[in-house]
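Beneath this line is the structure, given in structure tokens, with notes to follow.
The values are calculated or read from the model by the stated rules, or taken from the named source; none is laboratory data. As the structure is a prediction and not an experimental result, all values here were calculated from the model. Heads up, the Cβs are rebuilt from the backbone with ideal geometry, glycines too, and the neighbour counts pull from every protein chain shown. For the accessible areas, the whole protein counts, side chains as well, though only heavy atoms, and no ligand, DNA or RNA atoms are used. Shrake-Rupley method; radii C 1.70, N 1.55, O 1.52, S 1.80 Å.
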Amino acid sequence: MMCKTKIGTLICGAIVAMSAGLSASVMANQADNAEKPNILFVLADDLGYNDVGFNGSTDIKTPNLDTLAKDGVTFDAAYVAHPFCGPSRAAIMTGRYPHKIGAQFNLPEDNSNVGVSADEPFIAQTMKNAGYFTGAMGKWHLGEAPEFHPNKHGFDEFYGFLGGGHNYFPAEFEKAYADRVAQGLTNINMYLTPLEHNGKEVRETEYITDGLSREAVSFVDKAAAKKQPFFLYLAYNAPHVPLQAKEDDLAVFSNIKDKKRRTYAAMVYAVDRGVGRIVEQLKKNGQFDNTLIVFMSDNGGKMGQGSNNFPLKEGKGSVQEGGFRVPMLFHWPEHLKAGSRFPHPVLALDLYPTFAEIGGATLPAGKKLDGKDIWTGLQAGNAPHKDEFIYVLRHRDGFSDAAARRNQYKAVKNHNQKWKLFNIADDISENKDVSAAHPAILRDMVSSMESWSWNNAQPKWFHNSSEGARWRLKAMPRFDETFEVGDGSKR
Ligand code: CA
């Protein structure tokens, strides 16, 4: 029985259901689910803009990702909402700028009781409500206490670790952890703690990247057995420090002399190898063509730790492009033009509404979103954020770095210097300040960002107590100073 159209499928489903003795409504529901695409969202950690083959890397090999890029869409200007891990992930999961929900700092490092609350329904919950089997694998970094656990945020399955990173070799972290337990310590670094599956401690035996790939393969198999569409958030901690790679992967990059770069390259290669394994399994399950695959990084590559953000300026933590413009691809050949590059800005904040649209999900009542569904614009090749602002704001010790992009212009205040203006479309490396030629444009952009900041929430936590103490001591956020253009004119 051929059931190509949605309506046709429902009719076919109803006929089969009645013949099988199942209720028509149950079967129609299953048929409806069968129409929905799977979404595989792979997030790398601190991966530089130029550290994948599809973005021009000449020394790091990423053959599996490059194949997806060749058959998919590569984004020249994909922006995350913050140049650090925790706030960036909070934005992806909630669809909100982290500053709007008090998540603008990384969480405290160990045994903290704070996290991103379910008051902002996560994308996983929205997809789950739409009939999706949902999974998160890898790094969480959105709260360690039980109420912030992935299983409380709409993820049916979680395998990984709750902190902001992890050591990669079980033989090493198991021993270090056991030593600390033997000393009677309780506040043990999260990089060393055992991994978990749905809240229960597990004994991982593989190199972490391989372990997460294995679990992702297992998850897509489970989804296939359930005949349910899946939403999988695969959050590799690679190539985030510590720089630790397998000997076999290091051997592939013996031509790279710099040890950090060689190790980093091998870590990225392991991620690519994992993506290849999952793709292979999707093909075996007959689900490859019905899966939207998205790959991106949570922020820019960390400078001095093996990454390469060329041609972007600076890296992780910066409001210059290297901090928050990241490599990204979409792969779904039946729906997206193969081999194309999308030049217009898109946001990690767009993923929530876009995934919801693709999955036929209903947004939770009253849900606020700071991005938008880009699916139509993406298919048509139109700029989804034409004439709109993209913001990035990083608080430092006593002052804030800030930037706003609109169309070809980007206004930047970095390292407590005066505001500068770049034509980012022509000057991707942010080398030529054109503020003197366009003072009105700069003032308008800074003024708009100031308005945006008015309803920012106070931080709900700080990375550590001294950071919080300094915030109060220095009367942060000091937005009056942040949004002073400093050219002698008033805004
Ligand atoms: Ca990161």
Considering each residue of segment 102-134, count those that are out of contact with any Leu (no Cβ under 6 Å at 6 or more places or on another chain) and under 19 Å from Gly366 (Cα atoms), and give that number. 15
Among the residues of segment 58-85, count how many are touching a helix residue (DSSP H, G or I) at 6+ places or on another chain (Cβ under 8 Å) and assigned to a strand (DSSP E or B). 4
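Conditions tested, residue by residue: (1) within 27 Å of Gln287 (Cα to Cα); (2) within 13 Å of the ligand (Cβ to nearest atom); (3) modelled with pLDDT under 95.
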| site | (1), (2), (3) |
| --- | --- |
| Gly306 | no, no, no |
| Leu312 | no, no, no |
| Gly315 | no, yes, no |
| Gln320 | no, no, no |
| Arg341 | yes, no, no |
| His344 | no, no, no |
How many residues does segment 145-158 contain that are open to solvent by 10 Å² or more (accessible area, probe 1.4 Å) and either in contact (Cβ under 8 Å) with a residue 60 or more places away in the chain or among the aromatic types (Phe, Trp, Tyr) (or both)? 2
Which numbered condition trips up Leu349, out of (1) outside any helix (DSSP H, G or I); (2) away from the ligand (no atom under 16 Å from the Cβ); (3) open to solvent by less than 50 Å² (accessible area, probe 1.4 Å)? (1)
In segment 279-312, how many residues are more than 27 Å from Pro87 (Cβ to Cβ) and open to solvent by less than 40 Å² (accessible area, probe 1.4 Å)? 5
Across segment 70-119, what is the number of residues that are at pLDDT 95 or above and among the charged types (D, E, K, R)? 6
Every residue from segment 264-304 that is within 16 Å of the ligand (Cβ to nearest atom) and not polar (S, T, N, Q): Tyr264, Met267, Val268, Val271, Phe295, Met296, Asp298, Gly300, Gly301, Lys302, Met303, Gly304
Those residues of segment 437-490 which are loosely packed, with under 11 Cβ neighbours inside 10 Å and of a type in the set (D, E, K, R) amount to Arg472, Asp480, Lys490
Of the conditions (1) touching a Pro at 6+ places or on another chain (Cβ under 8 Å); (2) closer than 25 Å to Asn299 by Cβ; (3) in contact (Cβ under 8 Å) with a residue 24 or more places away in the chain, Lys372 fails just one. Which one is it? (3)
Does Lys257 satisfy being away from the ligand (no atom under 15 Å from the Cβ) and closer than 30 Å to Ala225 by Cβ? no
Sole residue being surrounded by fewer than 21 Cβ atoms within 10 Å (Cβ to Cβ), within 24 Å of Asn308 (Cα to Cα) and polar (S, T, N, Q), chosen from Asn431, Asn407: Asn431
Only listed residue being surrounded by 23 or more Cβ atoms within 10 Å (Cβ to Cβ) and touching a helix residue (DSSP H, G or I) at 6+ places or on another chain (Cβ under 8 Å), chosen from Leu243, Leu234: Leu234
Name the residues in segment 81-98 that are open to solvent by less than 10 Å² (accessible area, probe 1.4 Å) and within 11 Å of the ligand (Cβ to nearest atom), would you? His82, Pro83, Cys85, Gly86, Pro87, Ser88, Arg89
Regarding segment 331-338, can at least one residue be identified that is assigned to a strand (DSSP E or B) and more than 15 Å from the ligand (Cβ to nearest atom)? yes
Here is a check on your reading of the model: is Lys410 of a type outside the set (A, V, I, L, M), within 23 Å of the chain's Cα centre (by Cα) and over 26 Å from Trp471 (Cβ atoms)? yes
Mind counting the residues in segment 466-487 that are within 28 Å of Glu144 (Cβ to Cβ) and free of Cβ contacts under 8 Å to residues at least 12 places away in the same chain? 5
Residue satisfying condition, being at pLDDT 95 or above, of a type in the set (Gly, Ala, Ser) and open to solvent by 20 Å² or more (accessible area, probe 1.4 Å), within set Ala136, Ala225: Ala225
Going through (1) part of a loop (DSSP other than H, G, I, E, B); (2) out of contact with any Pro (no Cβ under 6 Å at 6 or more places or on another chain) one by one, Gln104 fails only at (2)
Given the criteria touching a helix residue (DSSP H, G or I) at 6+ places or on another chain (Cβ under 6 Å) and at positive phi, does Gly339 qualify? yes
Of these, Phe75, Phe105, Phe54, which one is within 16 Å of the ligand (Cβ to nearest atom) and touching a strand residue (DSSP E or B) at 6+ places or on another chain (Cβ under 8 Å)? Phe105
Filter pass, Gly371 being small (Gly, Ala, Ser), assigned to a helix (DSSP H, G or I) and either at pLDDT below 95 or open to solvent by 10 Å² or more (accessible area, probe 1.4 Å) (or both): no
Among residues of segment 86-101 being part of a helix (DSSP H, G or I) and among the small types (Gly, Ala, Ser), the residue nearest to the chain's Cα centre (by Cα) is Ser88
